1. If you bin the C-alpha pair distances of segment 225-293 every 10 Å from 0, what whole percents do you get?
2. Which residue fluctuates the most in the chain, going by a Gaussian network model with Cα springs under 10 Å, if the choices are GLY105, GLY260, GLY237?
3. What angle, in degrees between 0 and 90 and rounded to the nearest 10, separates the Cα long axis of helix 249-259 from the longest principal axis of the Cα atoms of the chain?
4. Helix 70-79 versus the longest principal axis of the chain: what is the Cα-based angle in degrees, 0 to 90, to the nearest 10?
5. Just the Cα atoms of segment 96-176: what Rg and Dmax do they give in Å?
6. From the helices alone, meaning DSSP H stretches of at least four residues, give me the mean residue ellipticity at 222 nm for the chain, per-run term -39500 (n - 2.57), in deg cm²/dmol to the nearest 500.
7. For the chain, what proportion of DSSP beta bridges, expressed in % and rounded to the nearest 5, is antiparallel?
8. Enter the per residue convex hull volume of the chain, computed from alpha-carbon coordinates, in Å³ rounded to the nearest integer.
Amino acid sequence: MALRVTFLGTSGAVPTAERNPTAIHVAREGDELLFDAGEGTQRQMMRFSTGFSVSQLFVTHLHGDHVFGIPGLLQTMDFNERAAPLAVHAPRGCRRRLEELIAAGGTRPSFPVRIDEVAPGDVAYRADEYEVRAFDADHDTRSVGYALVEDERKGRFDRERAEELGVPVGPKFSQLHEGDPVELEDGTVVRPEQVVGDPRPGRSVVYTGDTRPVAGTVEAADEPDLLIHDATFADDGVERAGKTAHSTARQAGAIASEAGARRLALTHLSSRYAGRTGDHLAQAREVFDGEVFAPDDGDAVEIPYPDADE
Ligand SMILES: [Zn+2]
Ligand SMILES: [Zn+2]
């Protein structure tokens, strides 16, 4: 089951020629999710071929560099005769301003747009095999981060063992894998725990939005496979990071380390670094042992299962 994250915009508040304001596209087996939509997000979706079938849009906060792409994107969806509903999730108290932003172009989309306000701790979206939870960020306006957390998967089915026990190949295999005991023709009962291993963890992706380093990020998911963290500044901007309620790459690294993340993506890079990411990467690596990268617009990563056997 593929889980793919595409970085559509990796700049801080001010875009550069190379970097668009924030937007992150996540595709998981037919589900398309968008996290934030800075100005120009729809063109990034075209350039990087993510498609427009997004069903859920998660807004971290109402700063322009995270939402100015929404009206244009919705207008294009409307021109494309979209009929499918779009759910927009945003922090509490944001509904009216989002409605005004969407209506600012003079027309309302003809497909249903539902705005859903979320508080930290809420499950913003529940799907078949995963959920997206909101968690508290620390920014200078009401702001949340989001964690996509997959359910545990069933344990591995030991086919050889099942055959040894005399279970005939067929529906009894899946019955056991589903957790039900089966009775063989000679009356023997085979229990699932004899042939099914322990449940295996799913994958998780945590996205902070704009934030100072906070404990909420560490608690958002247990050992996330990917942590996408605000890294607006390098060490030279640590004071400014505190004042403007952002993080440095080193602070992002410390949070990744505390959370036990496998990979760390440094994003929301200030335009003052003119695309240079060397300091950010080096400083995060001093405090975090996992893989660190600073994606460019259009970079995509696949998230493998922790036991990488699928
Ligand atoms: Zn921002
Ligand atoms: Zn912001």
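The values are calculated or read from the model by the stated rules, or taken from the named source; none is laboratory data. This is a predicted model, so every value here is computed, not measured. All Cβ positions, glycine included, derive from the backbone under ideal geometry; neighbour counts span all protein chains shown. Accessible surface areas use protein heavy atoms only, side chains included; no ligands, DNA or RNA. Shrake-Rupley method; radii C 1.70, N 1.55, O 1.52, S 1.80 Å.
1. Result, from short to long distances: 26, 57, 17, 0 percent.
2. Looking only at GLY105, GLY260, GLY237, the biggest GNM fluctuation is shown by GLY105.
3. The two axes meet at around 20 degrees.
4. 70 degrees
5. Every Cα atom of segment 96-176 included, Rg and Dmax give 23.0, 69 Å.
6. Numbers: 11 runs with 77 residues, N = 310.
Computed ellipticity for the chain at 222 nm equals -6000 deg cm²/dmol.
7. Counting only bridges with both partners in the chain, antiparallel ones make up about 55 percent.
8. Working: hull volume 44.3 nm³, N = 310.
Roughly 143 Å³ of hull volume per residue.
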